[in-house]
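Here's a structure for you.
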Amino acid sequence: MDSALVQLKFRDPARAAALEHALVAQAKRIGRAPVSIMHVCGSHEQAIAKFGLRAAFPDELDVVMGPGCPVCVTDVPEVDEAVALALAGVRVATYGDMLRVPGTSRSLADARAAGAKVDVVYGVAQAAELARTLAEPLVFFASGFETTAVATAAVLLADPPPNLSILSAHKYIPPVMEIVAEMPGSKIEGFLAAGHAATITGWGVFERFVARHRVPVVVAGFEPLDILAGLVRLVELIADGDVRVENAYPRCVSRDGNREAQARLWRVFEPQGGRWRGIAHVPNGNLRLRDELAAFDARRRFADEIARGLAQLWDHAPPALVAQCQCGDIMAGIASPHDCALFGRECTPDAPVGACMVSTEGTCRIWHQYGGHPDLRQLRRRAS
Amino acid sequence: MCLGVPGRVLAVAGDVAQVDFWGVTKQVRLDVIDAPVAPGDYVLNHVGFAIRRIPAEEIGETLALYDELLRRAGADDLMAADVRGELDATDRRRDG
Amino acid sequence: MRNARFVEDTITLKYGAGGSAMRALIEQVFAPGFGAVEGGIGLPEMDDGAALPLGDGRFLVITTDSHVVSPPFFPGGDIGRLAVCGTVNDLAMMGATEPLALTCAAILEDGLPRADLERIWASIRRACEEAGTTIVTGDTKVMRHGELDRIAIATTGVAIAPRIVSDRGLRPGDRVIVTGTVGDHGLAILATRGELALQTQLVSDVAPINGLVRAALAAGRDRVVAMKDPTRGGLASALHEMADKSGVGIVLDERAVPVRDEVRAAGELLGIDPLLVANEGKAVIGVRPDAADAVLAALRAHPLGGSAAIVGECIAERAGSVIVETGFGRRLLGEAEGELQPRIC
C-alpha cells in the first residue's frame, strides 16, 4: 500500500466533515451544555490546534487538556536536581524543551549561561552516543511519560556506556487520571486516552479506572480522523450513559499492549508516588530506577553533587511573576491559558514564566503558537 | 516525547531498521517491537524506537470503525447521507 | 498571536531569525531617526527594499542583504548563490525586475581554503548570469580564525523601475498567490544537521525569480498590488506583514499551499511547520480578483512557476491576522518568534 495513500485515508476531508456532523448529532442527544471531555496528551492538543478542530466542534462540547505535557508536570524539585548537578560541574544532557523550564529560581539554560555543561539531545539514544564520546560522566535528564520511558529502559538494557546515568523524571499517566477524576468540582464526563502510551500499556489498564470512576474512556490516535472518531465515540458513550473503555485506535492499540516494551519498562523502572507540578501527590505517578540499576541512577551516583548544588539555589528569590502563574490549574484542566493574566503578555514562548509555556506540549505554548483560542466558528466559510 | 510517526521499513539489519517517512529516511531501533519486522511493513516510531508494527489490514478495520460511527450517528440525518455519497465517490476515485 | 515586543538588553539569535523579534529590533533600534522618503519607500516602511523617486515618474530601487548561512554549501546551492538571489529577488519584490548591477562585500575567515572561495565565486557568476546582472564593485576583509564562521557576504542591488509594488497594497477581496512550493530551503538546511541523522533528498529552492516576477507583472500590470518574498520566517511571516501593513485579514487555504511530499514529511518528523520555514526562490503576490487567473497562468507558464497556486483571499475582518482553513477546521496562523527548534521523533 502506498504510504501517501495510507496517510491520506486518515486525513480525508470528506470523512472528517462527516465525523464532525456525527459529533454534532451525538452531542445534541445529550441535550445540555457544556459536556466536558478531557484528554491527557500534549500531542492530542497539538493535533487539535494544528488542524483547527475546535472550530468544528459543537458549541456544547468542551475538550480540555489535562496534565499531559511531560515537561510541564516535571516538578520544581526535579528540575532543581538537574540544575544542581549542572552547577556542581556534572555534565547534563536534556531535551530541548526542558532546557528553559524554571526550577525554584533557575533553569538548565541559566546554569549553562553561568558556565555549566549542558547538552541538548533529541533522545536517550543520542545521549548514550554522546556519552560514548566522552571521558567524563554524562547525566541524561529523562522526562517523558511511559512511551518515552520505554526508550530509556531499552537503552539501559542494551549495554549502556558506563559513564551514562539517568536522572529520571519519567511519569506514568493512568494514576493522574485517577487524581483528576477525583478532584472536587471536576466536571469531566469522559476521557480521551493517549493512543501511543496505550500502544505500550494496552487499553486494559483503563478498565479499573472506568469501574471506579464511572466515566467512559476512549483510546484515540492522532490523525484528524482518529481524534474526531474518538470524540464521536466518547460523546456517544456519554449520551448512552454507557461506562466502558473503548479502543478507537485498533491499528496501534490492543487490550494487552506491547508486552516486550512493558517487560523492559518494568524491569528498569518502578512506580513511586510523587508530586507533579501543580497537581500535588500522584500515587505511583513517578517512574524511578530500580535498585538493580543503581549504578545508572544519577540520584544515587551523584547524591553529594546534587546536595551541594541545591544549596546554591536557595539564595535567589523566586521571581514575582511566578506567583501569578496559573500552570497548575491549567494543567489540571480547570483553567485555560486565557484565564491567566500573564498569557501572551509577560509570559511568551521566548520569555516564559511557567512550564506550560516552555514545553512544546504545554497548553499555553500550543495556544500561543496557533493563535490562542479565538472563536473562529462565526467566520463565514470560504465558498470552495 | 512527541507524536509517534508511522513509516515504511526499507531494510532491517539486526536490531535496526531503515525506515522511510515519505521520502525522508531514518534509522529506527527495533529493541522493543513485539512482532517481527520485514521490509515493506509499517512501523510506529517514537524517539527513534519502533513501538508497533502496523498491520496493513488494520487500516481497513479503522475505516470500517469510522463508517460504523457515522452510520449510528447519521441514521436520520439527511446531511450525513449527502456526505456519505461524497465519501463513496472519493473512495471510488482514489481506489479505482 | 502578535504582541508588542520590547528589545531586551542583549541581542540574541532570535533577532536575526526574520520573525517578530527581528521586526521589533528594526522598528525600535534601527529605524528611529530615519524619516520617510518623500514620494517613495524608505526605512520606516521596512519593505523588501527602498524606492527613491527620480523625478520623471520612475524610481531608483535599492536593496541590501547579508548572508551568513551555515553550512556554506548545501543541497541545491551555496552562500554565493544565496547572496546574489537574495538581492535580485528583493529588487523584484519591489517591482524592479531588471537589476542594473550588484555590489558584493566579502568577509573571509583566516584559514578559508581558496578552493571553497573559487567555488562560491563560480556560483555567484552563474547566478548573475541567470538573473541577467553583474557585480560591478566590491570589498574584501579578512578576520582572524575563530572570529567568523568561514565567510559572510553582503550584496547591494540597484535597479530602475517605472512602477513600485509595495508589500502593503492588499484590499478585501484580493487574492494571494504563492509562486511555488514552500519550506524547501529552510528544511533542506535543517536536514543537513548531522545530529538529526536524517537522510533526505531535500534541496534548497534558491533561484533568481526576477524573470518569473516580470511575467506576473506583464500579465497583471497595476492589478498586482503587493509582493513579498517569504524568506526567513517563511510564508507565515510574509503573510502576517502584508496583512498587518495593508490592514486586512487573510484567509489561507492550507490545502492549496503547494508543499513537496519530502518537505512535508521532514516537517512532520522534525515538528516544524513548512509555513514557517525560509524560501529563497519564491514570492507571495497579492492580486486584484479580476486579474488573479491571468497572473496565475503567466506564472505557471514560466519554468520556475509550475507549482504556483492561489492560496488565499483577503477579508476586511481581523486585520493583521491570517486565518488558516485546514480542511478539518480553522485556526490562526502562528509566527515564529525566533529560531525554529527541531524536535525529532
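Each reported figure results from applying straightforward, stated rules to the coordinates on display, with no laboratory input. Treat the numbers as computed from the prediction; the structure is a model and nothing was measured. Glycine also receives a Cβ, built like all others from the backbone with ideal geometry; neighbour counts cover every protein chain displayed.
What whole-number distance in Å separates the alpha-carbon centres of segment A:327-362 and segment C:120-170?
After rounding, the separation between the Cα centres reads 43 Å.
Something else: Rounded to the nearest 500, what is chain A's calculated 222 nm mean residue ellipticity when only DSSP H runs of at least 4 contribute -39500 (n - 2.57) each, over all residues?
-11500 deg cm²/dmol
Further question on the same structure: Once you sort the root eigenvalues of the Cα gyration tensor of segment A:86-134 as a ≥ b ≥ c, which label holds: rounded (a/c under 1.5), prolate (a/b larger than b/c) or oblate (the other case)?
Oblate is the answer for segment A:86-134, as a/c is 1.5 or above yet b/c matches or exceeds a/b.
Please give the average number of partner chain Cβ atoms lying within 10 Å of the Cβ of each residue in A:85-93, rounded to a whole number.
What the average comes to for A:85-93 is 0.
Can you sort C:52, C:187 by how many other beta carbons sit within 10 Å, fewest first?
Listed from fewest to most nearby Cβ atoms, that is C:52, C:187.
If neighbour count is taken as other Cβ atoms inside 10 Å, put A:249, A:370 in order from fewest to most.
A:370, A:249
For the pairs A:50/C:245; C:14/C:282; A:50/A:171; A:117/C:141; B:26/C:245, flag any whose C-alpha to C-alpha distance is greater than 32 Å. Before the final figure, lay out the partial values.
On the way: A:50/C:245 26 Å; C:14/C:282 23 Å; A:50/A:171 26 Å; A:117/C:141 34 Å; B:26/C:245 42 Å.
Flagged as over cut-off: A:117/C:141; B:26/C:245.
To the nearest 500 deg cm²/dmol, what mean residue ellipticity at 222 nm is calculated for chain C from DSSP H runs of n ≥ 4 alone, each contributing -39,500 (n - 2.57), summed and divided by the residues? Intermediate values should be presented prior to the final figure.
Values: 8 runs with 91 residues, N = 345.
Here the helix-only value at 222 nm equals -8000 deg cm²/dmol.
How large is the direction-averaged shadow of the alpha-carbon convex hull of the protein assembly as shown, in nm²?
Average projection, Cα convex hull of the protein assembly as shown: 35.1 nm².
What is the magnitude of the charge dipole of the protein assembly as shown about its Cα centre, with +1 placed on the Cβ of each Lys and Arg, -1 on the Cβ of each Asp and Glu, and no other charges, expressed in debye to the nearest 20?
360
On to the next question. How would you classify chain C from its alpha-carbon gyration tensor, with a ≥ b ≥ c the square roots of the eigenvalues: rounded for a/c under 1.5, else prolate if a/b is greater than b/c, otherwise oblate?
rounded
Using a ≥ b ≥ c from the Cα gyration tensor of segment C:175-332 (square roots of the eigenvalues), is it rounded, prolate or oblate, where a/c under 1.5 gives rounded and otherwise the larger of a/b and b/c decides, a/b for prolate?
Working: a/c = 2.08, a/b = 1.34, b/c = 1.55.
Cα axes put segment C:175-332 in the oblate bin.
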